[in-house]
Structure formats: structure tokens, C-alpha cells
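Shown next, in C-alpha cells, is the structure this report addresses.
The values are calculated or read from the model by the stated rules, or taken from the named source; none is laboratory data. Everything numeric here is computed off the predicted structure, so don't read it as measured data. Note that each Cβ is placed from the backbone with ideal geometry, even for glycine, and that neighbours are counted across all protein chains shown. Accessible surface is based on the protein model in full, side chains and every heavy atom, while ligands, DNA and RNA are left aside. Shrake-Rupley method; radii C 1.70, N 1.55, O 1.52, S 1.80 Å.
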Amino acid sequence: MAWWLCYLVCIPLSPWVLLRGRRLRETIPDLPEAPGDRAGVFGDGPVETTIVSLGESPIAGVGLLDQQENLLPQLARRLTEVEGAQVRWQILG
């Protein structure tokens, strides 16, 4: 497809796309982050592994009931079970 054909289609549609985008932003609910600890330690003994997670809403636990349901605490718990080591975790999202 020629590059000029894209401009011919996109430019006339841009006001409609902008209005739809604004309406979509107004209708999407703003969900809170999950309550609970954002850092912790699983296992006994000296710290052998530290996991830090950076990110947006999935890392912050948006939509979860508690931070313990989040991916990082579950990963740290599983590493402790499998490896038998102490795992320190922290969420920065």
C-alpha cells in the first residue's frame, strides 16, 4: 500500500479516533492497588536470594484482594519451597 494512502485514510478519521479515545478513558474504572505488605521474606537462615519487581498495574496488584495473591510473593514462596533458601522480595510498582 502506498504511504500517501495511509494519510488519506488516517487524517480524516483522526478527530473521531481522538473523541473515542477520550470517551474510553472516561468510562474505564480506576481500580485501587491491592492492600497488604509490598515487601517480605520467606524461609529461614541468611538471605540467599533477593527479588525486586518494578512495573505498572500488574506488579502493583491492581484488582487483587491482597498483595499475597500477587505474582512476586507467590514466586518467592515457591522458590523457598523448591530451593529451601530464604528469599527476600519487594514490589516497587
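The Cα center of region 57-93 and the Cα center of region 14-29 differ in position by 35 Å. Is the shape of the chain best called rounded, prolate or oblate, per the rule: a/c under 1.5 gives rounded, else a/b larger than b/c gives prolate, else oblate, with a ≥ b ≥ c the square roots of the Cα gyration tensor eigenvalues? Because a/c hits 1.5 or more and a/b exceeds b/c, the chain counts as prolate.
Ordering V47, P29, L19 by the projection of their Cα atoms onto the charge dipole of the chain, which places +1 on the Cβ of Lys and Arg and -1 on the Cβ of Asp and Glu, puts L19 at the extreme positive end. Most simply put, the chain has about 35% antiparallel DSSP beta bridges, counting only bridges with both residues inside it.
Only Lys, Arg, Asp and Glu carry charge here, each on its Cβ (+1 for the first two, -1 for the last two); on that basis the chain has a dipole of about 620 debye about its Cα centre. Stretching T27 away from V62 to a fully extended chain increases their span by 10.9 nm, per 0.36 nm per residue minus the current alpha-carbon distance.
T49 exposes around 50 Å² of accessible area when a 1.4 Å probe is run over every protein chain in place.
In the complete set of protein chains, residue-level accessible area for D30 is approximately 150 Å², probe 1.4 angstrom. Short-range pairs are left out: with C-alpha atoms under 8 Å and at least six residues apart, the relative contact order of the chain is 35 percent. Annotation: the antiparallel percentage among DSSP beta bridges lying fully within region 40-93 is about 30.
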